[in-house]
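K.L.:
Let me give you the structure first, and then I'll get to my questions.
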Amino acid sequence: MKPSKIHAYMFIFPSLFLTVVFGIYPLLWALRYMFYDYQGIGTPVFIGLDNFGRILRDGQFWDSVGNTGVYALGKLVVTIPLSLTLAIILNRKWRGRSLFRAIYYLPTIFSASVMAIVFFIIFNSYNGILNQLLLKYHVISEPISWLGAEHAMLTTIIIAIWGAVGNYMLLFIAGLQSIPEELYEAASLDGASEFQKLRNVTIPLLGPVLQMIIMLAITTALKGYESIMVLTEGGPYGKTEVMYLYLFKLLFPVSADTQSLQQLGYGSAVGFTTALIVGAVTLIYFQISKKLNDVY
């Protein structure tokens with residue numbers, strides 16, 4: 001074997017090894033145990049498709065699917081337009097724009113757990129900073145239970161938007177900077193307004209970037225659970241329990257509110273079903289997003 005090929009394989013090996021150990025092997029392990037009744041101790045018992053029959057009867061799982069849809073839709077509807085608006089503003093040449101770019105991007109580098117703890121301090125019903133400010137300025141007459149059953153989902157969506165806007169804003173800025181300035185100058189000569197430039201120049205030429213950003217936003221929203229786990233643990237009464245949080249509780253019981261033993265067999269079946277749901281949503285989006293390619 002030539003030395004150049006040996007060097008190439010040496011560079012490939014670490015990534016290949018990590019992919020096999022932490023990607024392919026766990027996947028095969030899960031595909032096997034989703035046909036077993038296995039709680040992490042004792043001998044696995046083969047039960048065929050019983051785990052999938054249990055999923056069909058599992059109201060808590062389907063509630064988590066509905067919560068995931070509400071969470072993802074609420075996040076996307078606000079995050080994408082807000083990110084694009086900020087990108088357009090911060091892409092223009094004015095003093096201080098780099099500072100504001102850094103400020104808006106900063107939340108994306110924070111740990112989800114740390115971010116959730118900070119927002120817990122802000123939204124705490126009894127001595128939270130937000131309620132104290134609203135009471136001080138007489139906006140409300142009594143504390144609002146931001147993490148209660150009525151407002152918990154809205155609170156988690158607000159936190160998700162805060163953490164995601166900066167990331168997509170930066171991607172939009174990269175897309176805007178690839179659009180030739182001459183097109184805007186030509187549009188100005190034709191008497192186009194700012195809105196007409198946005199509709200006829202910016203949005204069409206951002207098509208590929210917008211397609212990628214929406215895909216990332218959908219998959220990230222459907223798989224998000226870390227901040228919810230720290231903030232509410234899926235409560236109260238399961239109002240904020242999303243699919244991946246429910247799956248996490250099956251595989252890694254994290255509190256007194258969950259089962260005391262791992263349910264590795266059933267959890268593997270739930271994980272497979274969850275992956276199918278996310279994949280189906282992604283495929284539907286791909287079919288819809290084909291229209292964005294028509295600009296080419």
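The values are calculated or read from the model by the stated rules, or taken from the named source; none is laboratory data. Predicted model, so just to flag it, every value in this text is computed and none were measured. Cβ sites come from the backbone with ideal geometry, for glycine too, and all protein chains shown count toward neighbours. Surface accessibility is based on the protein's heavy atoms, side chains included, excluding ligands, DNA and RNA. Shrake-Rupley method; radii C 1.70, N 1.55, O 1.52, S 1.80 Å.
K.L.:
Taking springs between alpha-carbon atoms closer than 10 angstrom, which of Leu170, Leu76, Leu49 fluctuates most in the Gaussian network model of the chain?
P.N.:
Taking springs between Cα atoms under 10 Å, the residue moving most is Leu49.
K.L.:
Assuming R0 = 45 Å, what is the FRET efficiency of Leu18 and Ser188, from their Cβ-Cβ distance, to the nearest 0.05? Working shown, then result.
P.N.:
Working: r = 51 Å, r/R0 = 1.14.
The value I calculate is 0.30.
K.L.:
Would you please report the Å³ per residue occupied by the convex hull of the alpha carbon atoms in the range 64-106?
P.N.:
Values: hull volume 2.4 nm³, N = 43.
Each residue corresponds to 57 Å³ of Cα convex hull volume.
K.L.:
Per 0.36 nm of contour for each residue apart, how much would the distance between Arg97 and Asn200 grow if the chain were fully extended, relative to their Cα-Cα spacing? Could the numbers behind the result be given before it?
P.N.:
Numbers: separation 103, 0.36 × 103 = 37.08 nm, distance 2.53 nm.
Residue separation times 0.36 nm, minus the Cα-Cα distance, leaves 34.5 nm.
K.L.:
Next question, about the same structure. To the nearest 0.05, what FRET efficiency results for Phe52 and Leu28 with a Förster distance of 25 Å applied to their C-beta separation?
P.N.:
Values: r = 18 Å, r/R0 = 0.73.
My answer for the efficiency is 0.85.
K.L.:
Can you compute the helix-only [θ] at 222 nm over the chain? Use -39500 (n - 2.57) per DSSP H run of at least 4 residues, normalise by all residues, nearest 500 deg cm²/dmol.
P.N.:
Values: 14 runs with 193 residues, N = 296.
When only DSSP H runs of four or more count, the value is -21000 deg cm²/dmol.
K.L.:
Pick from Tyr246, Tyr285, Tyr237: which is most flexible by mean-square fluctuation in a GNM of the chain where alpha carbon atoms under 10 Å apart are linked?
P.N.:
Tyr237
K.L.:
Mean-square fluctuation check for the chain, GNM, Cα pairs under 10 Å: which of Thr68, Thr156, Thr19 is largest?
P.N.:
Top of the fluctuation ranking is Thr19.
K.L.:
If you don't mind, there's one more thing I want to ask. Taking the Cα centre of the chain as the origin, how large is its charge dipole in debye, to the nearest 20, when only Lys and Arg (+1) and Asp and Glu (-1) carry charge on their Cβ atoms? Walk me through the intermediate numbers first.
P.N.:
Details: 19 positive and 16 negative charges, 148 e Å.
With only Lys, Arg, Asp and Glu charged at Cβ, the dipole is about 720 debye.
K.L.:
Compute the accessible area per residue over the chain, keeping the other protein chains in place, probe 1.4 Å, unit Å². Don't skip to the answer; put the middle values down first.
P.N.:
Values: 17790 Å² over 296 residues.
With all protein chains present, the chain gives 60 Å² per residue.
K.L.:
FRET efficiency for Gln60 and Leu106, Cβ-Cβ distance as r, R0 = 35 Å, nearest 0.05? Mind showing how you got there, number by number?
P.N.:
Values: r = 36 Å, r/R0 = 1.03.
E between Gln60 and Leu106, to the nearest 0.05, is 0.45.
K.L.:
Find, to one decimal place in angstroms, the Kirkwood hydrodynamic radius of the range 53-203, where the mean of 1/r is taken over every pair of different Cα atoms and then inverted.
P.N.:
It is 18.7 Å.
K.L.:
Right, next: I'd like the carbon and sulfur percentage of the solvent accessible area for the range 201-284, probe radius 1.4 Å, heavy atoms only, ligands and nucleic acids excluded.
P.N.:
On the way: 2380 of 3440 Å².
Heavy-atom surface of the range 201-284 belonging to carbon and sulfur, 1.4 Å probe: 69 percent.
K.L.:
If you take log10 I(q)/I(0) by the Debye sum over Cα atoms at q = 0.08, 0.13, 0.14 Å⁻¹ from the coordinates, which of (1) -0.55, -1.05, -1.14; (2) -0.30, -0.83, -0.97; (3) -0.50, -1.09, -1.17 do you get?
P.N.:
It is the value labelled (3).
K.L.:
Enter the per residue convex hull volume of the range 21-96, computed from alpha-carbon coordinates, in Å³ rounded to the nearest integer. Working shown, then result.
P.N.:
Details: hull volume 14.6 nm³, N = 76.
Hull volume normalised by residue count: 191 Å³.
K.L.:
Give me the base-10 log of I(q)/I(0) for the range 30-141 at each q in 0.23 Å⁻¹, Debye formula, one uniform scatterer per Cα, rounded to two decimals.
P.N.:
Summing over Cα pairs of the range 30-141 leads to -1.21.
K.L.:
Output needed for the range 188-241: three equivalent-ellipsoid semi-axes, defined as square roots of 5 times the C-alpha gyration tensor eigenvalues, in descending order, whole Å.
P.N.:
Details: eigenvalues 337, 33, 10 Å².
In descending order the semi-axes read 41, 13, 7 Å.
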